[in-house]
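Undergrad: I have a structure here, written as structure tokens, and I will follow up with some questions on it.
Bear in mind that the values in this text are calculations on the coordinates, not laboratory data. Note that the structure is predicted; figures quoted are calculated from it, not measured. Using ideal geometry, Cβ is built from the backbone for each residue, glycine included, and neighbour counts are taken over all protein chains shown.
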Amino acid sequence: DKNGFPHFMLKEIFEQPRSILDTFRGRVAKDNSEIVLGGLYRVIDDLVQAKRILIVACGTSWHAGQVGEYMIEDLARIPVEVEYGSEFRYRNPVITKDDFVIAISQSGETADTLAAIRMAKEAGARVLGICNVVGSSIPRETDAGVYTHAGPEIGVASTKAFTAQVTVLAMIAMVLGNKRGELSTDDYNELIHDLTEVPAKIEKILQQNEEIKAIAEIYKEATNAIYLGRGYLFPVALEGALKLKEISYIHAEGYPAAEMKHGPIALIDENMPVIVIATKDKSYDKIVSNIQEVKARNGKVIAVVTEGDDTIRNMADHVMEVPESTEMLSALTTVVPLQLLSYHIAVMRGCNVDQPRNLAKSVTVE
Ligand code: F6R
């Protein structure tokens, strides 16, 4: 049931205020004093003492893992590596019982992620799953798990599952940071409060749907696109590019903005749309310079900015605004306009957005 929306993907994009709320509700204390993740109970000591955390996933779930890496390293000071299930399982990785593995999968059935879990368990590591489909294969094979409560995701392009995964990773990072003494109780409580404000912020972003559709109209014939972000917003650039390529079949690449001058800048001309995620955080001045570099080469800049940012508005060709957010949670808001932009471009190109060619919702082949 598309609930009045023309496609499941659009319905699922619009469900995000609710699916994020469902993912943290019941886990956050009413006074924001703590987060209780029942699924962590059995493994919390191993997790707190882990020498290293390995995150394994594929596709969009791997992008959520990248955000998780930054969060966990930032708040809990445990080294994290993010691995593609397929690369990890075939390359003779170093893994020991001191490692803790987090496997992320919407479907819980991705063959390469499942195989990576089995390898890690054989090497003696504990494994935690972050999955959306209850009772699927991955939750059955992991030592413990935290479900994302995003509800069924029907569109092949993952949207609400991604933001639910990032929500769970944020909660895990906060709990770990606090238990390891790296995150003060005041900061912990403030971050919990910030998380509870995310659904209302996404609600505001969704109100710009028509403006975003107008931007899509201008770029629907593009053959290429570049997405740039720094820090927490680099994985968002990767995810924005994946969303565009998988549903509109436009070639798109995500890059850490500073890498542009090491190659991709050669691609920039008046036909190249460059989507820059440029909210006000600690790399703001740097990303503003990156926008200037693109404009100096006549590239078209579509920027995701913090509400009221006139500096970038005056430089960019178009802006999509998001409410101010703490840096650690900024992926949750900034990804939403990118989902909408890809959706509208794909619809305008006549693509089958819910079932793009050559793709399956769960990849159970290796
Ligand atoms: C992209 C997409 C895929 C999946 C990937 C992993 O929109 O949906 O990249 O994210 O196939 O799937 P799960 O999360 O089910 O393991």
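Undergrad: Anyone know which of Q165, Q16, Q292 comes out most mobile in the 10 Å Cα GNM of the chain?
TA: Of Q165, Q16, Q292, the most mobile in the Gaussian network model is Q292.
Undergrad: Pick from Y147, Y219, Y41 the residue whose mean-square fluctuation is largest in a GNM of the chain, springs joining Cα atoms under 10 Å.
TA: Y41
Undergrad: If you find the alpha carbon centre of region 168-218 and of region 18-73, how far apart are they in angstrom?
TA: 13 Å
Undergrad: How high is the relative contact order of the chain, in percent, counting Cα pairs under 8 Å that sit 6 or more residues apart? Before the final figure, lay out the partial values.
TA: Details: 740 pairs, mean separation 71.1, N = 366.
Computed over the chain, the figure is 19 percent.
Undergrad: What net charge is computed for the residues neighbouring G308, neighbours being all others with C-beta under 13 Å from the C-beta of G308, Lys and Arg scored +1, Asp and Glu -1? Could you put the intermediate results ahead of the total?
TA: Details: positive: K204, K280, R313; negative: E307, D309, D310, E321, E324.
For residues surrounding G308, the net value is -2.
Undergrad: Right, something else. Tell me which lysines have Cα within less than 24 Å of K361's Cα, excluding those fewer than 8 residues away on the same chain?
TA: Reachable lysines: K2, K11, K160, K243, K245.
Undergrad: While we're looking at this one, here's another question. For region 245-301, which GluC sites (Glu not before Pro) are in a loop by DSSP, counting at most 16 other Cβ atoms within 10 Å?
TA: Here the GluC sites (Glu not before Pro) that fit, given the DSSP loop and packing criteria, are E270.
Undergrad: On to the next question. Quick one: order R91, R18, R118 by neighbouring beta-carbon count within 10 Å, fewest to most. It would help to have the intermediate numbers written out before the result.
TA: Working: R91 9, R18 17, R118 12.
Ranking R91, R18, R118 by Cβ neighbours within 10 Å, fewest first, gives R91, R118, R18.
Undergrad: Quick one: K30, K204, K160, fewest Cβ neighbours within 10 Å first, how do they rank?
TA: Values: K30 5, K204 15, K160 29.
Taking fewest neighbouring Cβ atoms as first place, the list is K30, K204, K160.
Undergrad: Now, a different point. Using the Kirkwood radius over C-alpha pairs as Rh, can you work out the diffusion coefficient of region 246-332 via Stokes-Einstein at 37 °C, viscosity 0.692 mPa s, in µm² per second?
TA: Numbers: Rh = 13.5 Å.
Value of D from the Cα-based Kirkwood radius: 243 µm²/s.
Undergrad: Once you charge only the Cβ atoms, +1 for Lys and Arg and -1 for Asp and Glu, what is the size of the charge dipole of the chain about its Cα centre, to the nearest 20 debye?
TA: Details: 38 positive and 51 negative charges, 137 e Å.
Computed about the Cα centre, the dipole is about 660 debye.
Undergrad: I want to verify a result. In a Gaussian network model of the chain, Cα cutoff 10 Å, which of these has the top mean-square fluctuation: N352, N132, N290?
TA: Top of the fluctuation ranking is N352.
Undergrad: If you don't mind, there's one more thing I want to ask. Just want the answer: with Cβ charges of +1 for Lys and Arg and -1 for Asp and Glu, which residue in V274, L242, A258 is farthest toward the dipole's positive end in region 207-281?
TA: After comparing all options, I get A258.
Undergrad: Turning to a different aspect of this structure: By its C-alpha gyration tensor, with a ≥ b ≥ c as the square roots of the eigenvalues, how is region 14-160 shaped: rounded for a/c under 1.5, else prolate for a/b larger than b/c, else oblate?
TA: Here region 14-160 falls in the oblate category.
Undergrad: In sequence order, what are the phi-derived ³J(HN,Hα) couplings for region 132-145 according to the Karplus relation 6.51 cos²θ - 1.76 cosθ + 1.60 with θ = phi - 60°, rounded to whole Hz, with x for glycine and proline?
TA: 9, 8, 5, x, 6, 5, 4, x, 6, 9, 9, 6, 7, x
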